[in-house]
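Asker: Encoded as structure tokens, here's the structure I'll be asking about.
FYI, it's all coordinate maths here, none of it is from the lab. Only a predicted model underlies this, so the values are computations on that prediction, with no experimental measurement involved. Cβ placement follows ideal geometry from the backbone for every residue including glycine, while neighbour counts extend to all protein chains displayed.
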Amino acid sequence: MARTTNRSHTGADHQWDLMRASFDGDWQGVTSWYGRDSTGMNLTRGDSDPAGSIYAIRFSDANTGLWHGTGLRFAPGGERRFPLFRHSYNLSNNCWHFPDTAGQSSLEMDGSAGRAGHEVNFFTGRSRSMLIALYRRREDQSMVLQSIAATPFRCKRALIDPVRPKPDSMHDVFQAITGWPGIEQELRPGQGSENSTQGKSISEFDADSFQKYDINSCFLDGLLCSLPECLPEGAFDLNFGCLLNANSFVHLIIGYDGSHQLVSWVERRYQPTIDG
């Protein structure tokens with residue numbers, strides 16, 4: 001029988017508690033998928049199912065839960081269930097959680113697995129704004145961006161917030177938030193300290209800190225990304241963002257070293273004034 005002793009003072013327990021606080025809900029939303037055509041990534045028109053998907057994530061007690069997804073794109077029959085347990089959660093270290101930003105990531109993007117991907121969720125109230133980026137290995141062993149998905153989830157257990165509109169452009173977002181001060185938190189795979197997410201002040205927002213690569217786009221719910229279409233040979237990062245409201249922007253950076261091994265998740269949270 002797996003060990004179920006109290007680990008409330010460990011980093012693993014802290015990550016479990018953050019996951020419960022954020023993901024507990026019945027999340028409904030329509031996902032738009034953007035893929036490749038003969039000219040490269042097509043970000044002008046996404047493929048979506050109007051019926052949407054529902055991710056019901058519930059916990060029977062402090063240590064046990066169930067993830068139940070329906071209307072899923074890649075699951076047999078469109079449905080999948082996963083039990084969730086505190087004692088076995090995130091043993092592979094690919095899940096990560098800040099208090100209001102969370103997801104899962106491939107720890108290697110060196111092509112050894114053939115495919116690699118990331119899910120990033122930005123939470124505010126009972127809204128969950130999700131971006132997915134999937135890469136695949138080509139015959140020349142390079143990794144190319146295969147698809148991007150965006151979903152404005154809302155929890156059915158709460159008063160449902162309207163979906164936030166798609167920004168007119170990244171330039172408009174950056175023009176509004178340039179100069180905002182920020183707070184930065186960092187996590188590393190397998191990091192065990194509960195204090196690893198303590199924030200520190202950083203310099204004011206500058207568009208060049210986000211818009212670094214050739215794939216740059218905006219989506220519903222104020223979601224943004226800047227990603228390399230083909231992974232470079234050396235170190236790189238992946239940039240995801242969300243304009244949560246007129247006074248809050250979050251920038252999530254996933255960093256890789258020269259061997260394309262994941263080294264850190266960094267959350268930068270910007271507001272017009274540092275105290276909100």
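Asker: Relative contact order for the stretch 1-116: what percent, with Cα pairs under 8 Å and sequence separation of 6 or more? Numbers along the way, then the final one.
Answerer: Numbers: 153 pairs, mean separation 24.6, N = 116.
Relative contact order comes out at 21 percent.
Asker: Got a sec to turn the phi values of the stretch 40-56 into Karplus ³J(HN,Hα) couplings, 6.51 cos²θ - 1.76 cosθ + 1.60 with θ = phi - 60°, whole Hz, x for Gly and Pro?
Answerer: Those phi angles translate into x, 6, 9, 9, 8, 9, x, 9, 9, 9, x, 5, x, 10, 10, 10, 8 Hz.
Asker: Quick one: if the Förster radius is 30 Å, what FRET efficiency do Y89 and I202 give, using the C-beta to C-beta distance and rounding to 0.05? Please report the intermediate quantities before stating the final value.
Answerer: Numbers: r = 30 Å, r/R0 = 1.00.
Between Y89 and I202 the formula returns 0.50.
Asker: List the residues whose amide H sits under 5 Å from the amide H of Q146, counting only those 5 or more places along or on another chain, with H placed 1.01 Å from N in the peptide plane.
Answerer: Result for Q146 returns L134, Y135, R136.
Asker: Please identify every one of the chymotrypsin sites (Phe, Trp or Tyr not before Pro) in the stretch 239-276 that sits in a loop by DSSP and has no more than 13 other beta carbons within 10 Å of its own beta carbon.
Answerer: On the way: sites: F240, F249, Y256, W265, Y270; in loops: none.
Sparse-neighbourhood loop chymotrypsin sites (Phe, Trp or Tyr not before Pro): none present.
Asker: I need the trypsin sites (Lys or Arg not before Pro) found in the stretch 101-191, filtered to DSSP loop residues with at most 14 other beta carbons within 10 Å of theirs. Intermediate results must be reported in sequence, preceding the final value.
Answerer: Details: sites: R115, R126, R128, R136, R137, R138, R154, K156, R157; in loops: R126, R138, K156, R157.
When the trypsin sites (Lys or Arg not before Pro) of the stretch 101-191 are filtered for loop state and at most 14 Cβ neighbours within 10 Å, R138, K156, R157 remain.
Asker: Taking the Cα centre of the stretch 128-248 as origin and charging only Cβ (+1 Lys, Arg; -1 Asp, Glu), how large is the dipole, in debye to the nearest 20? Don't jump to the answer; show the numbers that get you there.
Answerer: Values: 12 positive and 16 negative charges, 147 e Å.
With only Lys, Arg, Asp and Glu charged at Cβ, the dipole is about 700 debye.
Asker: For the stretch 66-76, just list the computed ³J(HN,Hα) in residue order, Karplus coefficients 6.51, -1.76 and 1.60, θ = phi - 60°, integers in Hz, with x standing in for Gly and Pro.
Answerer: Ordered by residue, 3J(HN,Hα) equals 9, 9, 10, x, 10, x, 8, 5, 10, 8, x Hz.
Asker: At R0 = 25 Å, how high is the FRET efficiency between D24 and D237 if r is their beta carbon distance? Nearest 0.05 is fine.
Answerer: Details: r = 30 Å, r/R0 = 1.20.
So the FRET efficiency works out to roughly 0.25.
Asker: If you don't mind, another one. Scanning the chain for GluC sites (Glu not before Pro) in DSSP loops with at most 11 other Cβ atoms within 10 Å, what's the longest stretch left with none?
Answerer: Of all site-free stretches, the longest is 1-138.
Asker: Can you check what the Kirkwood hydrodynamic radius comes to for the stretch 87-165, Cα pairs only, in Å to one decimal? Spell out each step's value before the answer.
Answerer: Details: mean 1/r = 0.0693 Å⁻¹.
Value: 14.4 Å, from the Cα pair sum.
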